[in-house]
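Participant: Here's a structure for you.
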Amino acid sequence: MPNVESPGRRVMLGNEAMARGLLEAGCQVLCSYPGTPSSEILPAFVQLKREHDIDAYAEWSVNEKVAFDNAYAAALTGKRAACCMKQVGLNVACDSLMSAAYLGCVGGFVVISCDDPGPHSSQTEQDTRLMSLFAKAPAFDPSTPEEAIRMIARAFELSEAKRLPVIVRPAIRVCHAKQDIVQTRLASQPRKADFQKDPRRWAATPKFRYVLHEELNRKLAQIVSEPKWADGFNVQPIPDGEHRRAGIIAGGVPFVAVRDILDDAGVGSVPVMKVGMPNPYPRALLSDFCERCDKVLVVEETGAFLELILESKPGVCGRNTGHIPQEGELVPELLYGILSRFLDEALGQPLPRAMDPSLEKLLEEVKPAPRRPTLCPGCPHRAAFFAIRRRFPKAVFTSDIGCYTLGLNLGAVDTVLDMGAGVTMASGFYQAYHQDGNDRPIVATIGDSTFYHSGTAGLMNAVYNRARMLLVILDNKITAMTGMQPTPGLGIRADGGVGGRIPLERVVRGCGVDTVLTHDPYDVPGFSAALAQAEEAVEREGVAVLISEHPCIIAYRDQLESKRMNITDACDGCLLCVKRFECPAFEPIPGEKKVRIRETLCVGCGVCVHICPTGAIEAA
């Protein structure tokens, strides 16, 4: 019997709200690869379906393209399906997105791509709205968690009506905001998979793709001509017959911030047009607003999506005119100054001063000093990086996306491009040097989850093209950086169930690597010996892999064999433990040539015993 929950209200995280919105909209399949700010959507989906006995499928896929393709296939059977990821993850799925827009779908298919203006935890600040324009996939841009729920429902309706993939792109402030949400009933959906074969569409040849492109353009034109799809999300607030000296166009999170600032400052009469569905582009509505205002400021994150198309309109300003910075998140304290300068320019009336000058000065004085991110005390990656750096002082160190990117602080990471590039760039460096007759040592590092995500193709390519390099896979048995999601190496599925375990070593050997070593980096002498053994294998075979295996101390805290550490009088204050080993548990003693251990941070891993040149660190 379908489970039913009584309606009510509950304060939810934005990502939890979106998970609920998916189930309320009848989503039967959700696939994802973790990445901030999207990571909490799938766990919340699993939790809700478990609590309410909903018949829905959820999986952590090995990468974003796999997540996209799995969910898309479900949508072709007539079910409602979705995939979610962070904005750079959509790059990985872009090939599928471009084709899916042409091919269309049968059941509703929604792509949630969470943007990270700032960026707080991303390689780039890219704007998913521009990706939707590129792929010709309609997009919704929520301002709040509650609006994200409504947009997900609308996106499924639009997707099924036009047989198109539809994107919802919440920014990080929507994902991580909390809001009092009205809950509607949850129930299992009765739809059964029923794939109707049509090779002319689902396996279209290039000639028919041209026809499909024409069809896609017709669908987009229809959506623009049917205001119901953007109803309530695109709002032009100036009544017919009225004209204003100044107006603001905003979408997503900046719309809420602008509205709040103007209302708090007592200038709520300045019209703010909301653009919640930016693609297909609401050209007529935006033109109408611009014609009713002498001067318009476009406030949007992250790129200049709306402004780019409005550029030909007189009086329009924003990023391209220097009124708004070209990069960074539009936080309220920054927006306040932007709006004040714009209103001063347009109306001769800046906003009143936001804060008492004495309070501003006080806050400036208490602002904490900036501190660079570092690996956790006891992190096994620190021990691995230290040993690698010591064994290969003149190597080129390529690395990847994850906690271990912080190996750059230990001088063991020279490059970080994107997921999987730690491996591919290593072989690229080898070929570039080898071409000149100079075989410089190349050491690549990559995490276990990232290796499953996109490391295998690069490794096969390196073996196939006879590169000479050492790959160290930092296997901490978890996807740590994004919130401790399981990897295929654990054989644990998204709902905690048992999955097929895929050992790293077997995958590596399947890529054509003969020498595959595994060692615990906490055993510093043994790990160093393994590095030496791997170096010999590189000379002999070209590519060797060392799996640095030790569980993450945060995810597996209960497995840590903690020792109480002590510093003896042999300490001469060389600060190697602070500067080169960079363990946060060590700090210099002011006025003395010695260091001390901060007991509250030290986890007692004991690795530091092996790195002190004077032997001054010992287990008590």
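The values are calculated or read from the model by the stated rules, or taken from the named source; none is laboratory data. Given the structure is predicted, the values throughout are model-derived calculations rather than measurements. Heads up, the Cβs are rebuilt from the backbone with ideal geometry, glycines too, and the neighbour counts pull from every protein chain shown. Areas reflect the complete protein model, heavy atoms only, side chains present, ligands, DNA and RNA absent. Shrake-Rupley method; radii C 1.70, N 1.55, O 1.52, S 1.80 Å.
Participant: Going through I309, I338 one at a time, which residue ends up being in a helix (DSSP H, G or I), in contact with a Phe, Trp or Tyr (Cβ under 8 Å, 6 or more places away or on another chain) and surrounded by 13 or more Cβ atoms within 10 Å (Cβ to Cβ)? Quick ask: steps written out before the conclusion?
Facilitator: On the way: I338 fails: in contact with a Phe, Trp or Tyr (Cβ under 8 Å, 6 or more places away or on another chain).
Only one candidate passes the filter, namely I309.
Participant: Another question, then. Residues of the stretch 153-170 being touching a residue at least 12 places away in the same chain (Cβ under 8 Å), open to solvent by 20 Å² or more (accessible area, probe 1.4 Å) and either assigned to a helix (DSSP H, G or I) or of a type in the set (S, T, Y) (or both), which ones?
Facilitator: Within the stretch 153-170, the subset touching a residue at least 12 places away in the same chain (Cβ under 8 Å) is 153-160, 162-170.
Retained after the next criterion (residues that are open to solvent by 20 Å² or more (accessible area, probe 1.4 Å)): 153-154, 157, 160, 162-163.
Correct list: A153, R154, E157, E160, K162.
Participant: Give me the pairs, please: first residue somewhere in the stretch 253-275 and in contact (Cβ under 8 Å) with a residue 40 or more places away in the chain and under 17 Å from K295 (Cα atoms), second residue anywhere and assigned to a loop (DSSP other than H, G, I, E, B) and open to solvent by less than 50 Å² (accessible area, probe 1.4 Å), beta-carbon distance under 6 Å, and either six or more positions apart or on two chains.
Facilitator: L262/G268; L262/V270
Participant: I've got another one for you. Report, ordered by the first and then the second residue, all pairs with beta carbons closer than 8 Å, sequence separation of six or more or different chains, a first member in the stretch 331-350 that is in contact (Cβ under 8 Å) with a residue 24 or more places away in the chain, and a second member that is open to solvent by 40 Å² or more (accessible area, probe 1.4 Å) and part of a helix (DSSP H, G or I).
Facilitator: Cβ pairs passing all conditions: P332/D260.
Participant: May I pose another question? Looking at R173, R150, can you tell me which residue is part of a helix (DSSP H, G or I) and crowded, with 23+ Cβ neighbours inside 10 Å? Write out each step before concluding.
Facilitator: Details: R150 fails: crowded, with 23+ Cβ neighbours inside 10 Å.
Answer to the selection: R173.
Participant: Taking the condition of being within 17 Å of the chain's Cα centre (by Cα) and among the aliphatic types (A, V, I, L, M), how many residues in the stretch 83-104 meet it?
Facilitator: Of the residues in the stretch 83-104, the ones within 17 Å of the chain's Cα centre (by Cα) are 83-94.
If we keep only those that are among the aliphatic types (A, V, I, L, M) as well, we get 85, 88, 90, 92-93.
Within the stretch 83-104, residues that are within 17 Å of the chain's Cα centre (by Cα) and among the aliphatic types (A, V, I, L, M) number 5.
Participant: Looking only at the stretch 405-415, decide whether some residue is over 31 Å from the mean Cα position of the chain (by Cα) and open to solvent by 70 Å² or more (accessible area, probe 1.4 Å). Don't jump to the end; show me each part of the working.
Facilitator: Here is the first cut: in the stretch 405-415, the ones over 31 Å from the mean Cα position of the chain (by Cα) are none.
No: the stretch 405-415 contains no residue that is over 31 Å from the mean Cα position of the chain (by Cα) and open to solvent by 70 Å² or more (accessible area, probe 1.4 Å).
Participant: Identify, please: which residue in the stretch 286-331 is within 21 Å of L133 (Cα to Cα) and among the acidic types (D, E) and is, among those, farthest from the chain's Cα centre (by Cα)?
Facilitator: If we take residues in the stretch 286-331 being within 21 Å of L133 (Cα to Cα) and among the acidic types (D, E), then E311 is farthest from the chain's Cα centre (by Cα).
Participant: I would also like to ask the following. Need pairs with beta-carbon distance below 8 Å; first residue within 14 Å of G21 (Cβ to Cβ) and within the stretch 180-195, second of a type in the set (V, I, T) and part of a strand (DSSP E or B); sequence gap 6+ or separate chains.
Facilitator: Qualifying pairs under 8 Å: I181/V11.
Participant: Among the residues of the stretch 416-449, write down those that are β-branched (V, I, T), open to solvent by 10 Å² or more (accessible area, probe 1.4 Å) and within 23 Å of C379 (Cα to Cα).
Facilitator: V416
Participant: Just checking, how many residues over the stretch 9-46 are in a strand (DSSP E or B) and among the basic types (K, R)?
Facilitator: Of all residues in the stretch 9-46, those in a strand (DSSP E or B) come to 9-13, 29-32.
Subsequent filtering for residues that are among the basic types (K, R) retains 9-10.
Residues flagged as in a strand (DSSP E or B) and among the basic types (K, R) within the stretch 9-46 amount to 2.
Participant: Report yes if some residue within the stretch 69-84 is open to solvent by 30 Å² or more (accessible area, probe 1.4 Å), touching a residue at least 60 places away in the same chain (Cβ under 8 Å) and at positive phi; otherwise report no.
Facilitator: no
Participant: Now, a different point. Determine whether E301 is under 18 Å from A139 (Cα atoms), part of a loop (DSSP other than H, G, I, E, B), touching a strand residue (DSSP E or B) at 6+ places or on another chain (Cβ under 9 Å) and open to solvent by less than 50 Å² (accessible area, probe 1.4 Å). Lay out the reasoning, then the answer.
Facilitator: Numbers: under 18 Å from A139 (Cα atoms): yes; part of a loop (DSSP other than H, G, I, E, B): yes; touching a strand residue (DSSP E or B) at 6+ places or on another chain (Cβ under 9 Å): yes; open to solvent by less than 50 Å² (accessible area, probe 1.4 Å): yes.
Answer is yes for this residue.
Participant: Identify all residues within the stretch 269-297 that are at pLDDT below 95, assigned to a loop (DSSP other than H, G, I, E, B) and small (G, A, S); write none if there are none.
Facilitator: Listed by number, the list holds a single entry, S269.
Participant: Given the structure, is V366 of a type in the set (V, I, T) and either under 16 Å from L531 (Cβ atoms) or at pLDDT 95 or above (or both)?
Facilitator: Working: of a type in the set (V, I, T): yes; either under 16 Å from L531 (Cβ atoms) or at pLDDT 95 or above (or both): no.
When the stated conditions are applied, V366 does not pass them.
Participant: Six or more apart or on different chains, Cβ atoms under 9 Å: show the pairs whose first residue is in the stretch 543-556 and farther than 11 Å from N476 by Cβ and whose second is assigned to a loop (DSSP other than H, G, I, E, B) and open to solvent by less than 30 Å² (accessible area, probe 1.4 Å).
Facilitator: The qualifying pairs are V543/A467; V543/C511; V543/V513; A544/V513; V545/C511; V545/V513.
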